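The values are calculated or read from the model by the stated rules, or taken from the named source; none is laboratory data. Since this is a predicted model, take the numbers as computed values, not measurements. Note that each Cβ is placed from the backbone with ideal geometry, even for glycine, and that neighbours are counted across all protein chains shown.
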Amino acid sequence: MRIPVHQLPHCVGLDLPEAATPHAAGMDLRAAIPEGETWEIAPGERRLVPTGLVLALPPGFEGQVRPRSGLALRHGLTVLNAPGTIDADYRGEVQVLLINHGETPFELRRGERIAQLLVASVESWTWIPEPSLEALGGTERGGGGYGSTGR
């Protein structure tokens, strides 16, 4: 699949996202913060980080912004609304909402890989209102909620 992408002026000079290995599911997004600046994300703090990218995803697809496992493991840095969704009709800048769950401040610099982007197909649906709960049909689990399936 080919996806049109535009680099905003503050992203010029940064590499476009690319797969790190031939079978990688996602591509790394980079921080498009000003050259020479360091953004500190304190423990417990959240920060919206620009990527400088505007995408034109085709109808029937979404972008999923997910954490990078290494940042989560080493620094406690993750995507707060993971996975963040980029809808096919969105034409604004892709930004990443990071949060520091670690114990020390995290220093972020221009071009640093901050999250990964996956593109996945999505199905549209419509609701079919049912007049009764029984019309939905039963299952073995039924209405059992959190922890109801055991270990």
Has the range 121-132 got at least one residue that is under 30 Å from residue 1 (Cα atoms) and surrounded by 10 or more Cβ atoms within 10 Å (Cβ to Cβ)? yes
In the range 70-97, residues that are out of contact with any strand residue (DSSP E or B) (no Cβ under 8 Å at 6 or more places or on another chain) and either of a type in the set (Val, Ile, Thr) or not in a loop (DSSP other than H, G, I, E, B) (or both) total 3
Within the bounds of the range 36-45, is there any residue that is under 21 Å from residue 120 (Cβ atoms) and either among the β-branched types (Val, Ile, Thr) or crowded, with 18+ Cβ neighbours inside 10 Å (or both)? no
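Table: residues versus (1) modelled with pLDDT under 95; (2) buried (at least 18 other Cβ atoms within 10 Å of the Cβ).
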| site | (1), (2) |
| --- | --- |
| 2 | no, no |
| 7 | no, no |
| 19 | yes, no |
| 31 | no, yes |
| 54 | no, no |
| 59 | no, no |
| 78 | no, yes |
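Search the range 17-64 for residues being assigned to a loop (DSSP other than H, G, I, E, B) and touching a Leu at 6+ places or on another chain (Cβ under 8 Å), and hand back the single one that is farthest from residue 88 (Cα to Cα). Please lay out each step first, then the result.
The first filter runs over the range 17-64 and keeps only residues assigned to a loop (DSSP other than H, G, I, E, B), leaving 17-26, 31-37, 42-45, 56-60.
When the remaining residues are screened for being touching a Leu at 6+ places or on another chain (Cβ under 8 Å), the result is 17, 25-26, 31-33.
Working: 17: 18, 25: 19, 26: 17, 31: 22, 32: 22, 33: 25 Å.
Filtering first and then ranking leaves 33.
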